[in-house]
Each structure stands twice: as C-alpha cells, then as structure tokens.
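S.K.: Sharing a structure here in structure tokens format.
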Amino acid sequence: MGTFLTENVPVSLAGTLGSAGNFRLFACDQPDVVLYVAKTPTLMLDRDGQPAVAVTTYTTQAADGSVKVTSGAATIGVNTAPPLDQAAIDEAKARLGQLGYDPAKLRFLPLTTQKGKARLNLATVAGEPDRAHNERDVGNPGGSLSFLASLTEVGALEWSQGIKQHTRITGDITIQFDYLRRVPDMGATVRVHGQRVFDHFSAALQASYNGFFYGGSAKIEAAWDELSRNGGVEVVFQGQGLPPELEKYRQEMVTTFTKQATAILFDQIFAPMPQVAPAEPDKSGGIFGGANFALKWQKKTDAIDLVQDIQFRGTTWLTETMDVSLAALLGDLPQSCLTEIPAQQAFDSVVVVDADPMLSNAAVSMTWSEGRSPVAPVFGSEGGQQRYTVVSTNPNAVTVTCNTNINYKPRWPVVVHRQSRPVSDRGNSMVIKSAASVGRQDIFLFIREGNRILMPPANISGDYLVLNVSYEGPHLPVPVRDSAHIDAGAPVEFAYPLDPDGRPGIAKFSAFGVIGGQLKRAGEQVIPQTDSAVFILATRGGDIQLVTSETILGESDNLAADLVRGQGRPVVLSGGPAGSPAPETTRAGRNGSNRGPSSNGQGRVISGRTIGIEYGSPGPALWLRLPDGTSQRIGLRSSENWSAFEHDSRDVKVYMEPAGEFAERIYTPLTV
C-alpha cells in the first residue's frame with residue numbers, strides 16, 4: 001500500500017560541507033549520510049535523449065513576396081533534481097575524507113526541499129512568460145518543471161538565430177525553494193548599513209547608461225559576503241546568544257542569519273535585469289544564477305539602513321535558490337528544437353504536465369473545435385510536454401478542450417480535471433500542474449521543557465508516538481487515511497488529493513504513544529488549509545498537545561504561539577532583541593525620530609510621504625518616508641481596505657491607535 005506520509009531528513013547544526021561538481025553538500029545527523037542538492041538546474045531530456053525544448057516562430061508573407069518572422073512561442077523543460085553523478089561522488093568522497101568522514105561508508109541522499117517557486121525572466125522586448133507557470137508554488141522541486149513563453153518579433157528572431165547559429169539567448173530561470181535545517185532556539189538582528197553598502201556596491205558593480213549600478217548575482221553575492229566580513233552587514237545575536245555547547249557553530253549561524261536576511265531584503269535593494277537595459281547575462285551561480293540585477297540606490301543619499309529581526313525555533317525551513325542563465329542552458333540546441341510555420345495557416349497547441357513526487361501518471365484527452373483530430377497522450381511520473389500543430393483560417397477562434405485523469409502513487413481515487421478555452425484565451429497552452437492538486441502540510445513533533453525546545457536526541461528509551469491523518473472531500477468517495485511513527489525534530493509531510501475544482505475538503509490529525517513512560521493520547525483535530533505546518537508538543541510526565549493556527553493557546557504559551565506564527569520557518573519579529581526597545585521597522589529604515597511625547601505611542605501623529613503598502617505576515621503595513629530621510633513601517637488593520645495607498649506616493653498624517661501599534665486613521669492634506 002502506498003503511503004502519503006513522508007519523513008523529512010533535516011540538515012544538522014554543522015550545516016554546509018562545501019560542494020562537488022554541480023552539487024552543494026550538507027551535513028546530516030544520521031551517521032555517514034551526506035545530503036546534496038544541485039547548484040543549477042539542468043535541461044530535461046526526453047525518452048530519446050533529446051532536450052525538452054520546443055521553439056516555434058510564426059511567419060507571414062509580405063506584399064513584396066518576402067517572408068518575415070512576426071512572433072513565436074517557446075517551451076523549456078528543466079530538471080531541478082539531477083542525480084549525483086560519479087565524478088561528483090568521487091570529488092565529494094575526497095573532500096569529506098579530509099573532514100574525518102570514512103569514504104567507504106558514505107551514503108548520499110537528496111536534500112529535503114519543498115515550496116519551490118519558479119520564474120522565467122525575459123526582457124520585455126523579447127516576450128512574456130506564461131503567468132500560469134511564473135512565480136507559482138511548484139510543490140517539491142524534485143524533478144521536472146516546464147516553462148512557456150510568448151515571444152515578440154524581436155524574441156522570436158533571437159531564439160531562432162540562437163538555435164540555428166548557436167548565439168546567445170538572453171534571460172534566465174530562477175528557482176527558489178526551502179530546505180529543512182536543525183537550528184537551536186535563538187534570534188538575531190541583521191543590520192544593513194545603507195551608505196556603506198552603497199559605497200561597496202558602487203565600486204564592485206558596473207555602471208549602466210541610465211545611472212544604475214548593476215551586475216550578475218554571483219558578483220553581488222561575493223560583494224555581500226565581503227560586507228558581512230567588514231561590518232557593512234552586521235549580525236547581532238539576541239539575548240545570551242549561542243549556548244556554550246554550540247559556540248563552535250557560531251560562524252555557521254552567522255552565515256545562516258545573513259543568508260535568510262538576504263532573501264528577505266534582496267528585493268528592497270535590487271531590481272531584476274529587465275530594468276537594467278542594456279545588460280548582458282553574467283556567469284551562472286550566486287544568489288540568482290545568471291541574472292543581472294540593478295542597485296535601486298543611484299546615489300549615496302538614496303541609501304537607507306535596513307534592519308531585520310529573525311528568530312529560529314527547533315527545526316526550521318530555510319530559503320535557498322538554484323538558477324541558470326538561458327545562455328548557459330540553451331547554448332547548444334539541435335535545430336530539431338525549432339519549428340517555423342506560417343501564422344495564417346497553423347499554430348502550435350501545447351499540453352504540459354509537471355512532475356510531482358506523488359504522481360504516477362496522467363492520461364490526457366485533447367480535442368480541438370477544428371484543425372486537428374483528437375489525441376490521447378499519457379504522461380508518466382516524470383511529467384513532460386507534447387506539441388501539436390493545428391491548422392485554421394482563424395486560430396484565435398479555435399476552442400481547445402483538455403480532459404485529464406491524474407493517478408497518484410498512493411491509493412487515492414483518480415483526480416479528474418477539465419479545461420476548455422479558446423486560443424484567444426491561451427487555450428493553446430494547457431498546463432496540468434499535478435502539484436496544485438496535492439495539499440501538503442508538515443507535521444512537527446517537539447519535546448518541550450517550558451517554553452524551550454529540547455534538541456534531539458530528546459527522546460528516552462521507550463518513547464514513541466504514532467501519527468494518524470485523514471482527508472475527506474466532495475470529490476472523494478471515502479476519506480483517505482494513513483499512519484506513521486514520528487520522531488522529535490524530523491517532521492512528517494502529510495499529502496492528500498485536492499479537488500481540482502476548488503471545493504474545500506477537511507484534513508485532520510491525531511496522535512498517541514508513550515512519552516516519559518506514560519501512555520498519552522491527543523484527540524483528532526482539523527488542520528486549517530491555510531496552515532503550512534502544524535505541531536505536536538510533548539512534555540515528559542505531562543500531555544501531548546496538538547497545535548494549529550486555530551488552537552486556543554494560553555497567554556504564557558510563547559513557544560506554541562511562535563511555532564504557529566513561523567509555520568516551521570524563521571520567525572520575522574516586529575521588535576528588537578529581548579530586553580531592548582522595539583525598532584520602528586523590520587524591513588527598512590532606522591528608528592523613527594518622529595515620536596510624540598508619550599512613550600507608549602498614545603496620541604502620536606506621524607507625518608511623511610507614502611512609499612507603498614506591504615502585504616503578508618504579520619499583516620498589512622504602510623511604509624512612509626519621514627522628513628529626515630528615514631523610512632518607517634506602520635501596522636494596518638487587515639479588516640480595512642488600504643488599496644488607495646498602493647500606487648501613488650502622497651503626503652499623509654497618520655494618527656496612531658492608543659497602543660501605538662496600528663494606524664487609527666490616515667489623512668491626506670489637500671492643497672489648493
């Protein structure tokens with residue numbers, strides 16, 4: 001019987017172990033086990049060993065009889081989890097042997113990853129990526145991903161010449177994912193000193209024709225690392241810092257905090273390549289692979305200090321990236337990847353099935369209202385793509401219908417999905433994202449002592465816990481159920497089949513077992529669909545507690561509240577280190593000087609010019625540029641509509657609530 005509960009193996013406190021070939025290596029708590037993940041994705045190959053790339057150019061005949069390329073389309077398949085090759089294994093064993101590992105006993109396992117987001121970046125003059133694929137949660141980035149793009153005349157010519165003449169194709173693919181890491185209970189404040197950062201980057205990067213400093217992400221990452229060493233980016237541990245027994249991991253923790261702050265603050269400091277014309281792709285690797293990024297600060301007076309507070313609890317999902325430039329990925333394509341067809345007579349209709357670890361196969365039935373007979377391709381667990389040429393005198397009016405039966409590896413009922421759209425509404429690009437039909441939550445077990453998590457090995461002889469899960473929905477004839485043993489600090493992923501039509505279902509979990517020699521049981525609870533992680537907290541000699549975002553918690557239970565707020569990830573704090581005054585901002589600016597006379601913020605009025613609205617955890621906020629040049633983040637009530645401040649910058653007066661935490665009202669002065 002197939003299972004849909006999967007144990008996740010975290011990276012140990014020791015963290016990274018270097019690299020081998022195209023792979024990064026990580027330490028693991030399990031003896032003689034090393035985890036690995038690719039630095040950059042590779043091109044997916046079909047069953048015949050040919051690259052999974054298809055480029056189509058549409059041509060028309062001018063009045064003088066010449067043929068002109070007018071537009072095009074492209075499909076790219078990449079593999080985000082290539083296997084560790086023998087050359088990389090040999091290099092890894094040699095490197096790790098110097099670190100005290102026994103090469104003869106080493107086992108290599110893929111890194112546990114989740115919540116991948118993928119994006120195809122193209123210059124706007126060249127084309128536009130398909131929105132159904134760009135910046136979407138692709139589930140586990142453990143296999144194939146496909147990207148589709150509509151090409152302009154300029155882009156179609158560039159891609160056609162790139163394949164025919166092996167010239168450079170501009171653009172890049174960026175993939176962001178989370179990986180599981182064991183960390184101690186601790187927090188830190190990461191401070192970015194704006195003017196020192198500007199001085200360093202303006203010297204390290206190139207200057208563009210329009211006054212921006214820009215460069216490839218490998219160069220940006222190297223400059224950021226240098227700033228971390230010279231104090232331009234500063235990490236200050238909160239409270240007592242690292243426990244004495246973990247002091248040997250200090251530099252690894254500094255690097256971890258710095259990298260997570262980089263992922264959070266990067267978009268505030270840099271803009272992507274299409275805004276840096278004319279830019280050329282840099283070498284692969286780094287924060288965002290071969291992409292070019294521009295420093296948003298054009299002069300030193302634009303630079304502002306940035307402060308980010310982060311807290312880790314127990315086992316945490318951290319953010320990493322893998323990326324590659326299109327020049328490196330598509331540098332040597334065979335001409336069989338290119339199809340040139342007249343736009344007035346024919347068009348390509350594409351069906352793409354993305355892979356998912358739970359996917360067994362997908363049976364697809366494609367029909368067109370005219371121009372082609374029906375087809376019924378079947379895709380295996382690796383997913384894939386098929387392209388069909390359809391002939392019509394009016395391509396935009398052709399309706400494409402795609403019926404899909406998705407069969408997953410566990411014994412789930414077959415998931416049926418139907419799509420029907422005209423070509424004018426992208427009906428010629430049918431996307432079956434099997435990951436979108438799989439719900440996923442991580443279930444963590446932690447052994448607690450008060451508000452502190454005991455790091456493994458926290459269990460004692462005879463301790464065990466059995467986890468039961470179930471999911472029911474309107475599309476399932478009977479609920480699906482599963483059970484598994486769960487260990488402290490190693491979360492279990494709970495996956496289940498969602499209704500492709502969007503009707504909600506109900507996920508539940510419960511647990512029982514022996515903790516501290518006593519039999520304990522926790523009754524069944526519903527898992528909110530908005531939770532990406534839920535928790536089982538066990539106390540020796542006490543009870544086991546199931547915790548979700550809807551659990552009613554005591555005011556003193558800071559541990560459970562922090563875990564729910566972080567959802568198994570670093571907790572971004574709104575205040576400063578314990579025992580110090582809370583900073584006014586967490587993402588930008590310095591402590592605001594525009595305070596009223598009251599220390600608790602009562603009656604405070606803040607004047608400034610709006611920068612924009614920030615949405616997300618821990619709630620919406622308004623960003624202001626203050627008269628002294630600093631910036632400030634002001635909390636907003638999520639129950640109100642603040643969209644009026646999203647776009648246009650304007651002068652405002654913000655009247656704070658008595659507690660000083662949220663805006664009570666915002667006035668825009670009128671001028672006549």
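The values are calculated or read from the model by the stated rules, or taken from the named source; none is laboratory data. Predicted, not measured: the structure shown is a model, and the values here were computed from it. Cβ: placed from backbone, ideal geometry, glycine included. Neighbour counts: every protein chain shown. Note: areas computed on protein heavy atoms with side chains; ligands, DNA, RNA excluded. Shrake-Rupley method; radii C 1.70, N 1.55, O 1.52, S 1.80 Å.
S.K.: Pop a pseudo-label 7 angstrom from the Cα along the beta-carbon direction at both Glu340 and Ser424 and give the gap in nm to one decimal.
M.R.: 3.1 nm
S.K.: Please enumerate, by chain and number, the lysines with C-alpha under 22 Å from the C-alpha of Lys164, excluding those fewer than 8 residues away in the same chain.
M.R.: Lys68
S.K.: Just flag the trypsin sites (Lys or Arg not before Pro) in region 290-334 sitting in loop per DSSP whose Cβ has no more than 15 other Cβ atoms within 10 Å.
M.R.: Working: sites: Lys296, Lys299, Lys300, Arg313; in loops: Lys296, Lys299, Arg313.
Passing sites in region 290-334 are Lys296, Lys299.
S.K.: Could you name the lysines in cross-link range of Lys508, using Cα to Cα under 24 Å and dropping any fewer than eight places away on the same chain?
M.R.: Straight-line reach from Lys508, under 24 Å: Lys115, Lys409, Lys520.
S.K.: Let me ask something else. For region 480-520, state which chymotrypsin sites (Phe, Trp or Tyr not before Pro) are in a DSSP loop and have at most 10 other beta carbons lying within 10 Å of their beta carbon. Show your work: numbers first, answer last.
M.R.: Values: sites: Phe494, Phe509, Phe512; in loops: none.
Loop-located and lightly packed - none at all.
S.K.: If you don't mind, there's one more thing I want to ask. Work through the residues other than Thr112 whose Cβ is under 12 Å from its Cβ and net out their charges, Lys, Arg +1 and Asp, Glu -1. Write down the numbers at each step before the final one.
M.R.: On the way: positive: Lys115, Arg181, Arg182; negative: Glu7, Asp178, Glu320, Asp442, Glu493.
Result for the neighbourhood of Thr112: -2.
S.K.: Okay, moving on. Which percent of the accessible heavy-atom area of region 1-127 goes to carbon and sulfur, probe 1.4 angstrom?
M.R.: Working: 3040 of 5750 Å².
Carbon-and-sulfur percentage of accessible area, whole number: 53.
S.K.: Can you tell me how region 304-399 classifies by the Cα gyration tensor, rounded, prolate or oblate, using a/c under 1.5 as the rounded cut? Walk me through the numbers on the way to the answer.
M.R.: Details: a/c = 2.51, a/b = 1.91, b/c = 1.31.
Prolate shape, in that a/c is at least 1.5 and a/b is the bigger ratio.
S.K.: Once amide H atoms are placed 1.01 Å from N in the peptide plane, what residues at a sequence separation of 5 or more from Asp185, or on another chain, have their amide H within under 5 Å of its amide H?
M.R.: The answer is Gly314.
S.K.: Also: Please compute the net charge surrounding Leu476, taking Lys and Arg as +1 and Asp and Glu as -1 over other residues with Cβ under 13 Å from its Cβ.
M.R.: Summing Lys/Arg as +1 and Asp/Glu as -1 gives 0.
S.K.: For region 354-487, just say rounded, prolate or oblate: build the C-alpha gyration tensor, square-root its eigenvalues into a ≥ b ≥ c, call rounded for a/c under 1.5, and beyond that prolate if a/b exceeds b/c, oblate if not.
M.R.: On the way: a/c = 3.59, a/b = 3.04, b/c = 1.18.
The shape class here is prolate.
S.K.: Reachable lysines from Lys117, Cα under 21 Å, same-chain residues fewer than 8 places away excluded?
M.R.: Lys39, Lys259, Lys433
S.K.: On a C-alpha basis, how far is the centre of region 162-224 from the centre of region 497-533 in Å? Whole number, if you could?
M.R.: Region 162-224 and region 497-533 have Cα centres spaced 40 Å from each other.
S.K.: Using a 1.4 angstrom probe, figure out how much accessible area region 343-391 has per residue, in square angstrom, rounded to the nearest whole.
M.R.: Numbers: 1850 Å² over 49 residues.
With all protein chains present, region 343-391 gives 38 Å² per residue.
S.K.: What accessible area per residue, rounded to a whole number of Å², is obtained for region 149-194 using a probe radius of 1.4 Å?
M.R.: Here the residues of region 149-194 average 30 Å² of exposed surface.
S.K.: Please compute the net charge surrounding Cys337, taking Lys and Arg as +1 and Asp and Glu as -1 over other residues with Cβ under 14 Å from its Cβ. Let's see the in-between values first.
M.R.: Details: positive: Lys164, Arg387; negative: Asp46, Asp48, Asp332, Glu340, Asp348.
The answer is -3.
S.K.: Further question: Only sites in a loop by DSSP and with at most 15 other Cβ atoms within 10 Å count here; which GluC sites (Glu not before Pro) in region 503-577 make the cut? Intermediate values should be presented prior to the final figure.
M.R.: Numbers: sites: Glu524, Glu550, Glu555; in loops: Glu550, Glu555.
Sparse-neighbourhood loop GluC sites (Glu not before Pro): Glu550, Glu555.
S.K.: May I ask you to give the solvent-accessible area per residue for region 9-87, in square angstrom, as obtained with a 1.4 angstrom probe?
M.R.: Numbers: 3190 Å² over 79 residues.
I get 40 Å² per residue for this part.
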